[in-house]
1. Applying 1/(1 + (r/R0)^6) with R0 = 25 Å to the Cβ-Cβ distance of Glu149 and Asp60, what FRET efficiency is obtained, to the nearest 0.05?
2. Could you work out the relative contact order of the chain? I mean the mean sequence separation of Cα pairs under 8 Å and 6+ apart, divided by the number of residues, in percent.
3. Does anything in region 186-209 have its amide N under 16 Å from the 7 Å Cα→Cβ label point of Thr133, and if so which residues?
4. Compute the Rg to Rh ratio over region 222-289 from the alpha carbon atoms, using the Kirkwood formula for Rh, and round to two decimal places.
5. Which one of Leu29, Leu59, Gly105 is farthest out on the positive end of the charge dipole of region 16-110, using unit charges on Cβ (Lys, Arg +1; Asp, Glu -1) and the Cα centre as origin?
6. In whole percent, how big is the carbon plus sulfur part of the accessible area of the chain, probe 1.4 Å, protein atoms only?
7. Can you give the helix-only mean residue ellipticity at 222 nm for the chain, where every DSSP H stretch with n ≥ 4 adds -39500 (n - 2.57) and the sum goes over all residues, rounded to the nearest 500 deg cm²/dmol?
8. For region 1-41, count the residues as N, evaluate 2.2 N^0.38 Å, and divide the Cα radius of gyration by that value, please.
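The values are calculated or read from the model by the stated rules, or taken from the named source; none is laboratory data. What you are looking at is a predicted structure, and each value in this text was computed from that prediction instead of being measured. Note: ideal-geometry Cβ built from the backbone for every residue, glycine included; neighbour counts use all protein chains shown. Note: accessible area is taken over every heavy atom of the protein model, side chains too, but ligands, DNA and RNA are not part of it. Shrake-Rupley method; radii C 1.70, N 1.55, O 1.52, S 1.80 Å.
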Amino acid sequence: MISPLVRRMRLGNELRALRKKAGLTHEQLARKVGQARMKFSRLENGRIRPDVGDIIKVLDALDVDGGEWNKLVNIARDAADQGWWHRIAEQMGIRQAMYADLEAGAATIRAYEQNFIPGLLQTQAYLESRDRTAASLAGSQESNPLVWEGRAGRQRMLQRPGGTTYEVIIDEIALRRLSVSAPVMAEQLEHMLAVQRESDRITIRILPVDALVPGYSVPWSSYSIFTYPDAEDPVVAAVEMSAVDELLADPEHVNPLVAHFERLREASLSPMDSEKLLSSTAQRLTDRR
C-alpha cells in the first residue's frame, strides 16, 4: 500500500495550491462547501484523514474536473486508507506506528542512527531488552509484547519481494556503548550481518567515531529520509526528537538533510569494511561471555 500519511501531505499541498489559485481564503471555501474553516486548515496541513465525499465537494467548488479530478480523488482514497498498524497503533507505540506508515510503499529509506540499532534491523531479544529498560525508567516492570508485533510487521514489509531499498548509517558509538547485555548485542550484530548478506536491497554502513565528516558536519540526531515511487509524492524526513519525532516535507528543510546524508556516507566505512567491524565486534562480545 501507499503511505496514507504521505498521501495526506500531498493532498494537503494540492488542495492548498488549488485554493490559492482560485483566490479563496479558508473561510470563503468553507462557506462554498458548507464545512468548518478549521477542517480545511487541518486538511491542508495533512493532520486528519480525509472524507472522500468531502474532498469531492471541495473539488467541485474549485471547478476541478477531468484527469486532475480523478487524480485527486484517488489520492484522497489513499490518504483515507488505514494500514495494518492502525489496529495496534496505541499498543505498538504511536511513534512506531508513524514510522510503519512512512515505510509503507516507500521506494527508498536512507537513515542515520546515532545511539541504537535501528528498528528495522532489531532482533526480538534486543527490542525486548530495550523495552524493559524503558519500562524501568518509567517506574514500571512491565514490557509491551505488541511493541515487537509492530516491529516484526515493519520488518516483514521491508523484506517483501520488490520492497524498499534500505540504506542505514550506524554510528560506531551504537556498537561500542552497550545498550543491551553483551550476549544480546552479539546476537544482534550477527543478525545484521545475515540480513545484509541475504538482501541486495539492504546496505549497512558504520560511521567510525574518529571519522572526518566533510565540512565537519557532525550529526546532531538520528533521522530517516523516505522517497516514494510517485515522483509527485513529497520526500519526507523524520528527525528524532526527545518525545515526538519531527516530520519535514518542505524541500527547503529536507534537501539539507539529503546533502548531510551524502557527507555521512562519504565518511563511513564501505559495506565490506562495515561487515568486518560488525563481525569483529560480535566476536569480541562473544569472548566476554
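1. For R0 = 25 Å, the calculated efficiency reads 0.05.
2. That works out to 20 percent.
3. It comes to 186-189, nothing else.
4. Rounded to two decimals, Rg/Rh equals 1.15.
5. Leu29
6. Details: 7130 of 14310 Å².
It is 50 percent, rounded to a whole number.
7. Taking each H run of at least 4 residues, the total per residue is -17000 deg cm²/dmol.
8. Numbers: Rg = 11.6 Å, N = 41, 2.2 N^0.38 = 9.0 Å.
With N residues counted in region 1-41, Rg over 2.2 N^0.38 Å equals 1.28.
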